[in-house]
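As structure tokens, the structure follows; a few thoughts come after it.
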Amino acid sequence: MNLPRLGSHMSIAGGYHKAVDAANQASCEVVQIFTTPPRQWPVERDVSATLPSAKPVKRRGQATRAPRAGGSSVITDEDVARFQAALDELQISDPLVHASYLINLASPDDALWKKSIDALVVELRRAERLGIRMLVVHPGAFTTSSEELGIQRVVQALNEAERQTRGDHVVCLLENTSGQGSTLGYRFEHLAEMLSGTQQPNRFAVCIDTCHAFSAGYPLESAAEYRRTTAQLEKTVGRAAVRAIHLNDSATPFGSRKDRHEHIGRGEMGLAPFRRLLNDADFANVPMYLETEKGEENGENWDVINLRVLRSLIKG
Ligand SMILES: [Zn+2]
């Protein structure tokens, strides 16, 4: 069995290659990034330039505000070259982009829904531009409609985004969620239904987050529980559709339907689920990324600590 490739989420402050440097310094083998600040809308163009679109637009019910510059500025050839060179040189593989949290593909509100499709298209194009083959997105929240209608909206949105990026190579990964509020994707069945509605199945797959699965009520601790949960995954989306895994412990209890990540082994999940997953040959080829808090404990980088804990669980 191959050893699983482990890594973390890194900041692109100072350039895309800086995320790769940081990943290397933290002993990562893979890296996840945002290309847009996670709580801003991705924009296609560099709004700091004197483009007509940089003018503030007044919309009904909204305050006039100039678009923010800098956050998701245009990706230059030099950005791409430095990013790709750093991946090569430092042997960091499986770069993955996480899409903006503002995107809601399930929204019953037409304006927000359309804005979300536009944003997803921008995210897909930016990933493609960087030579990245995977973009992970949360399916969204149905708010005032229903799960069924929400899932239909997601499917329509995915197909529209795919149509607008046809010929590109980026695979859009739908992430399972903890099921907070009206968010969809907390059942593997939701993800399976979304995938089966897409017209170009090769452009879509799934990312599984351990914290979200646990807080959504999928047990992973005992051998029997782990087998049952992975069998459910197999029966719904299919294991082959799982292209990335987010490794997070949960700060909130099993089935709490809350999304609060915790350092590995320091939360409610304990180490057993991670030990099972890391030694499961079915997922040995799926890149795995931490999304735990940054910072240090006793002067040591948290990513380094979490990766050491994870690697200590792998049976050689
Ligand atoms: Zn995640």
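Just so it is clear, none of the values below were taken in a lab; they were calculated from the coordinates. These numbers come from a predicted model, not from an experiment. Reconstructed Cβ throughout: ideal geometry from the backbone, glycine too, with neighbour counts over all protein chains shown.
Scanning region 103-120 finds one or more residues that are within 15 Å of the ligand (Cβ to nearest atom) and either surrounded by 18 or more Cβ atoms within 10 Å (Cβ to Cβ) or under 20 Å from Y289 (Cβ atoms) (or both). Has region 191-203 got at least one residue that is over 16 Å from the mean Cα position of the chain (by Cα), away from the ligand (no atom under 16 Å from the Cβ), of a type in the set (S, T, N, Q) and closer than 15 Å to L105 by Cα? Yes, region 191-203 has at least one match. Residues in region 198-214 that are touching a strand residue (DSSP E or B) at 6+ places or on another chain (Cβ under 7 Å), assigned to a helix (DSSP H, G or I) and hydrophobic (A, V, I, L, M, F, W, C): C211, F214. Number of residues in region 157-197 that are under 24 Å from A231 (Cβ atoms) and outside any strand (DSSP E or B): the value is 18.
Condition test on H263, is it within 14 Å of the ligand (Cβ to nearest atom) and within 21 Å of the chain's Cα centre (by Cα)?
Details: within 14 Å of the ligand (Cβ to nearest atom): no; within 21 Å of the chain's Cα centre (by Cα): yes.
Taking the combined requirement at face value, the residue does not satisfy it.
Being assigned to a loop (DSSP other than H, G, I, E, B), farther than 29 Å from G131 by Cβ and within 16 Å of the ligand (Cβ to nearest atom) is not true of G217.
Scanning for something buried (at least 23 other Cβ atoms within 10 Å of the Cβ) and out of contact with any helix residue (DSSP H, G or I) (no Cβ under 6 Å at 6 or more places or on another chain), does region 197-205 turn up at least one residue? So far as region 197-205 goes, no, none of its residues is buried (at least 23 other Cβ atoms within 10 Å of the Cβ) and out of contact with any helix residue (DSSP H, G or I) (no Cβ under 6 Å at 6 or more places or on another chain).
Could you look through region 220-257, keep only residues that are among the charged types (D, E, K, R) and in a strand (DSSP E or B), and pick out the one that is surrounded by the most Cβ atoms within 10 Å (Cβ to Cβ)? Ranking the qualifying residues of region 220-257, first place goes to D249.
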